[in-house]
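Below: one structure, written as structure tokens.
A short reminder: the numbers here are calculations on the coordinates, not readings from a lab. No experiment lies behind these values; they were computed from the predicted model shown. In this analysis, Cβ positions are derived from the backbone assuming ideal geometry, glycine residues included, and neighbour counts consider all displayed protein chains.
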Amino acid sequence: MEDLRLDIVNLYEKGTNMSWRILARAVCVALVIGSVVEADMSKEEIEKIEKAAPSKATVEPVKPRKLLIFNKCDGYKHSSIPYWDKALEIMGKKTGAYSVVISNDMNAFKPEFLNQFDAVCFNNTTHLKFEESLRKSLMDFVRGGKGIIGVHAATDNFYDWPEAQEMMGGKFSGHPWTAGGTWAVKIDEPNHPLTAMFGGKGFKIRDEIYRTEPPLYSRSKQLVLMSLDMSDEATRETSEKPTDADTGISWIKTWGDGRVFYCELGHNNDVTWNPAVLKHYLDGIQFAFGDLKADTKPRPIVDAGKGL
């Protein structure tokens, strides 16, 4: 199947007859989309996601928006991937903020396919490797004014591509705060539009939290919206390294003329029916599109934030 996809892409790129080019592109798109396997989700779980999803977008889209949800894993594969595929799709339909295409085929990053989208969401992708031409395509896409959204494991990628790790603002280096534990989160930017859904108050959540540590993770490089609340005893005592004292949960940044939104939350399936977390993601997506305007200026000094 992979060879067939490549043959179709080559036909599109080299063909001179317009009808053949159109046909080849259509087949290529179908193959890219068709490589996704539907999840075995219960009706009750889907109903929970639908109920929790925001009913309205924070801002009206400037124009019809299209989101590429990419979920390929060359490393650990999270069971929550299909739940996020569904949650992201539901939020777009329910609010009218965007439409989605879901893929796990690297050919999706070829410019003739990628450039139809306004943003790419890396849904719990792991250990992705990009060949040189696809690296250029993705960087041109973002630096040219498009967006990147990262769900949870989106920072467990690009180990041979430092520029992409820098773009994401961090990399996986452990998760002492495991999926079975309940951890405290503080709101570092309580007056920011992307944290409005939390009402300025911290919260506790049962989920797996990745360690974020310098030099990739730095408050001088990105605006940290939320982080672990180390005033909570269980959260603090689970720390293993001095740098764990500042563990980011979500952040935003600009990258060229484009925008990046990343959020740690999303290892456990039931996070996809947490209304506040879904709203945080929706606003992050609208920010990445450029529809929701928001300050991205980094704040190097750690704010006391809003705890529980």
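Shape class of the stretch 152-218 from the Cα gyration tensor (axes a ≥ b ≥ c, square roots of the eigenvalues): oblate, since a/c reaches 1.5 or more and a/b does not exceed b/c.
Summing charges over all other residues whose Cβ lies under 14 Å from the Cβ of residue 238, with Lys and Arg as +1 and Asp and Glu as -1, gives -3. Tell me, what is the FRET efficiency for residue 220 and residue 159 to the nearest 0.05, using R0 = 22 angstrom and their Cβ-Cβ distance as r? Rounded to the nearest 0.05, the efficiency is 0.40. If R0 equals 30 Å, the separation of the Cβ atoms of residue 257 and residue 94 corresponds to a calculated FRET efficiency of about 0.55. Can you list the residues of the stretch 105-120 with backbone N under 19 Å from a point 7 Å past the Cα of residue 136, pointing along Cα to Cβ? From the stretch 105-120, the list is 106-116.
Identify the residues of the stretch 225-262 with backbone N under 19 Å of a label point that sits 7 angstrom from the Cα of residue 299 along the Cα-to-Cβ direction, or state none. Of the residues in the stretch 225-262, 225-232, 245-254, 260-262 have backbone N under 19 Å from the label point off residue 299.
State whether the stretch 63-155 is rounded, prolate or oblate according to the following rule on the C-alpha gyration tensor (a ≥ b ≥ c being the square roots of its eigenvalues): a/c under 1.5 gives rounded; otherwise a/b larger than b/c gives prolate, and the remaining case gives oblate. Since a/c reaches 1.5 but b/c is at least a/b, the shape of the stretch 63-155 is classed as oblate.
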